[in-house]
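This report refers to the structure that appears directly beneath it.
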Number of protein chains: 2
Amino acid sequence: MAEADSETVDLEIIVQGAQEGKKQELRLWLRMLSTTKLVSQEVRRRLRAEFGATLPQFDLMAQLYREGDGLRLGELSKRTMVTNGNVTGLVERLEADGMVLRVTPDGDRRVTVAKLTPKGEKLFGTMAAAHEGWLRDMMADVDPAVIAELWKDIGEVKTSVSNHLSGVDFD
Amino acid sequence: MAEADSETVDLEIIVQGAQEGKKQELRLWLRMLSTTKLVSQEVRRRLRAEFGATLPQFDLMAQLYREGDGLRLGELSKRTMVTNGNVTGLVERLEADGMVLRVTPDGDRRVTVAKLTPKGEKLFGTMAAAHEGWLRDMMADVDPAVIAELWKDIGEVKTSVSNHLSGVDFD
């Protein structure tokens, strides 16, 4: 994670002056981006403080928790924001801690999947409940009706963005 | 950037089943996060395709554009999502391309600041206009009134989150 964590200045404040006269789509984007960064930083801080865990570890465990039969490392990389190279290191670390197991599923000896151990499942359950509570706390001052409206409206933005992707894979 | 870019699966879809019965704050957060990632990926793709530039380069130039007198590298790191170590490499690369200049301001010979060259300013102006246009395009299907409402409501979320940070710097 190449982020300058806690000392990061609020991006939206920095561009404040530059925002005058700017199109409202840009202003909305800067606000969304800075809010997302703020929440991510707080989640990262709490994961570290309360569980000694990193956000990539949490994301990876979340995917394995969803897929009881396990996932191949390439699939894990796609489903998280973690590159292929880093997934291997993360899985090895979690394996050493007894949270993850690598197994060869029946029928295909060439394949290896990672899955949570019972210990890993238990820990993730605790972390996920805490994570949900942190979000509830962070949004405590927002009216529930506003939260419901936001969920719907951001859904509209997401659909629009999906409809207007350049569609070209430049990689 | 440790992101698995174009092949990344939609995070919100992955957790869909797990969302039932979940608190609406968590659902909103997952939607915000996945939308932000979708837009960031598209911006990254277009920067690369149209300008051969990366998102960290764009962010860094944006900060220098705002500060005509230049910024110290440490300050640049704080204002972007780029770590101290990576800022140096980025600045050197932009300097080699004639976009950035490192200078010693009058009065303090121990300090070096980076600033945009006229060529860098011109390029950034073009990029910023394109960036604004991409966002307008991406949100084209959303009613302007919804965009205005979103800007206000996300502002409420941001204020609430700011008020409920753990306040402890665990770094």
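Scanning the range B:96-111 for residues that are within 15 Å of B:P56 (Cβ to Cβ) and in a helix (DSSP H, G or I) yields a total of 0.
Cβ-Cβ distances below 6 Å connect the following pairs, each with a first residue in the range B:129-143 that is at the interface with chain A (Cβ under 8 Å from one of its Cβ atoms) and assigned to a loop (DSSP other than H, G, I, E, B), a second residue that is surrounded by 15 or more Cβ atoms within 10 Å (Cβ to Cβ) and of a type in the set (S, T, Y), and a separation of six or more residues or different chains: B:M139/A:S160; B:D141/A:S160; B:V142/A:S160. Inspection of the range A:62-80 finds no residue satisfying the criterion of being facing another protein chain (nearest Cβ under 7 Å), surrounded by fewer than 17 Cβ atoms within 10 Å (Cβ to Cβ) and not in a helix (DSSP H, G or I). Tell me yes or no: at least one residue of the range B:157-170 is under 24 Å from A:M32 (Cα atoms) and among the basic types (K, R). So far as the range B:157-170 goes, yes, one or more of its residues are under 24 Å from A:M32 (Cα atoms) and among the basic types (K, R).
FYI, it's all coordinate maths here, none of it is from the lab. Fair warning: this is a prediction, and the values are worked out from it, not measured in the lab. With ideal geometry, Cβ positions are generated from the backbone for all residues, glycine too; neighbour counts draw on all protein chains shown.
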